[in-house]
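These notes are about the structure you will find just below.
The values are calculated or read from the model by the stated rules, or taken from the named source; none is laboratory data. Predicted model, so just to flag it, every value in this text is computed and none were measured. Because the Cβ atoms are built from the backbone with ideal geometry, glycine has one as well, and the counts that use them run over all protein chains shown.
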Ligand SMILES: Cc1cc2nc3c(=O)[nH]c(=O)nc-3n(C[C@H](O)[C@H](O)[C@H](O)COP(=O)(O)OP(=O)(O)OC[C@H]3O[C@@H](n4cnc5c(N)ncnc54)[C@H](O)[C@@H]3O)c2cc1C
């Protein structure tokens, strides 16, 4: 068989991890990214034990020591009072694998620095054409032929619609603000990781980031704010004035230039399949392009890493047939991503139901129910 060529569209976590896996298997990889630079955002990302296992399978879990912090305890609060507290065991780490909060830029750097030298990276390349029949991807002027196209271009990928209609991106009705703060400016905080549910569907969370300092995230109802970072910072200050604990201190310690604003969306329903095979080649969806989930359970990055590991496994098991490998990937991933997407959406709906509903649920939910759910979220193991 000739040298196999893959085109990976998008250099987010899913695309980088897929390029890494494919290059390790000896594929010639072209990685096409519309941004000018490959780098992560100034935000913290929670990797559940499943995501940490996937990083381990990729051989880059050492990066977590540099810019991450194990989450041994996660508190859920409603306004003033503690409603639930998850221990490491409740987060699903019964085999000893920790869940880790990591600086997103550290995660990106680890992925980029482990890419094989033969991976051709094409930044500032906006893919505008995918040809499913002759299998190629292209921008306005260039074309890359391939045996396999990996669509890792996030929730708005046009490729999902080409493979299976009826899996739209849904606006969750809230917008998120996030930031990390270097260790020397990070405020004192009572818990290593906590999330507070307040009035008017507002949430605020914060966590340790080890050597990288600390991070926080907040969601408020509405769409993306058009104002300058300075004004956004003032608005956040106003929205979370009088919130308990270190909330105000986190906001005060943040410079407007450190703020990231993100829309909150998810794919629903999920597509009925994650690949398309044509002759002896094919296209596959990974990461948010396949199954962007509501971020309330912080699962998207872990799922993206799991996808890449599973794709590598499927291609190794089916060295002679790309279509067979893509079938195996699809069969292996579908149940898992459906379960996580369904639960994430359900929790998002509850959290959007107003303070009374959220507070009542947080109070009433027995630890055993939460434990069962949390464990089932992170019970993924790399396929063998
Ligand atoms: C507020 C918020 C908080 C979150 N917190 C967590 C968390 O704590 N833990 C967690 O696991 N997940 C979290 N997530 C989800 C997580 O960030 C995503 O699931 C994950 O980043 C998806 O990675 P991806 O590579 O699939 O997609 P993306 O990160 O969207 O990457 C897609 C890449 O493709 C590029 N691209 C797009 N179109 C083109 C094109 N036409 N041509 C070339 N390149 C293109 C983009 O520039 C981008 O680099 C959160 C999400 C949000 C919104």
- State the number of residues belonging to region 292-317 that are part of a helix (DSSP H, G or I), in contact with a helix residue (DSSP H, G or I) (Cβ under 7 Å, 6 or more places away or on another chain) and within 6 Å of the ligand (Cβ to nearest atom). 4
- Message: Here is a check on your reading of the model: is residue 278 surrounded by fewer than 19 Cβ atoms within 10 Å (Cβ to Cβ) and more than 30 Å from residue 166 (Cα to Cα)?
- Response: no
- Message: Looking at region 86-110 only, could you name the residues that are at pLDDT below 80 and within 13 Å of the ligand (Cβ to nearest atom)?
- Response: 91
- Kindly indicate which of 241, 179, 218 is closer than 27 Å to residue 269 by Cα, in contact with a helix residue (DSSP H, G or I) (Cβ under 8 Å, 6 or more places away or on another chain) and not in a helix (DSSP H, G or I). 218
- Within region 122-159, how many residues turn out to be touching a helix residue (DSSP H, G or I) at 6+ places or on another chain (Cβ under 7 Å) and either near the ligand (Cβ under 9 Å from one of its atoms) or modelled with pLDDT of 95 or more (or both)? 11
- Query: In the set 243, 216, which member is surrounded by 18 or more Cβ atoms within 10 Å (Cβ to Cβ) and at pLDDT below 95?
  - Reply: 243
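Residue by residue, here is whether (1) outside any helix (DSSP H, G or I); (2) within 23 Å of the chain's Cα centre (by Cα) holds:
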{"site": "191", "(1), (2)": "yes, no"}
{"site": "194", "(1), (2)": "yes, yes"}
{"site": "204", "(1), (2)": "yes, yes"}
{"site": "211", "(1), (2)": "no, yes"}
{"site": "237", "(1), (2)": "no, no"}
{"site": "249", "(1), (2)": "no, no"}
- Heads up, the strands (runs of 3 or more DSSP E) in region 1-64 (entirely inside) with at least 2 residues that are over 17 Å from the mean Cα position of the chain (by Cα), more than 9 Å from the ligand (Cβ to nearest atom) and surrounded by fewer than 24 Cβ atoms within 10 Å (Cβ to Cβ) are 28-32
- The condition of being under 19 Å from the mean Cα position of the chain (by Cα), more than 16 Å from the ligand (Cβ to nearest atom) and either at pLDDT 95 or above or crowded, with 23+ Cβ neighbours inside 10 Å (or both) holds, among 229, 269, only for 269
- Query: Is it the case that region 255-266 has a residue that's within 27 Å of residue 347 (Cβ to Cβ) and in a helix (DSSP H, G or I)?
  - Reply: no
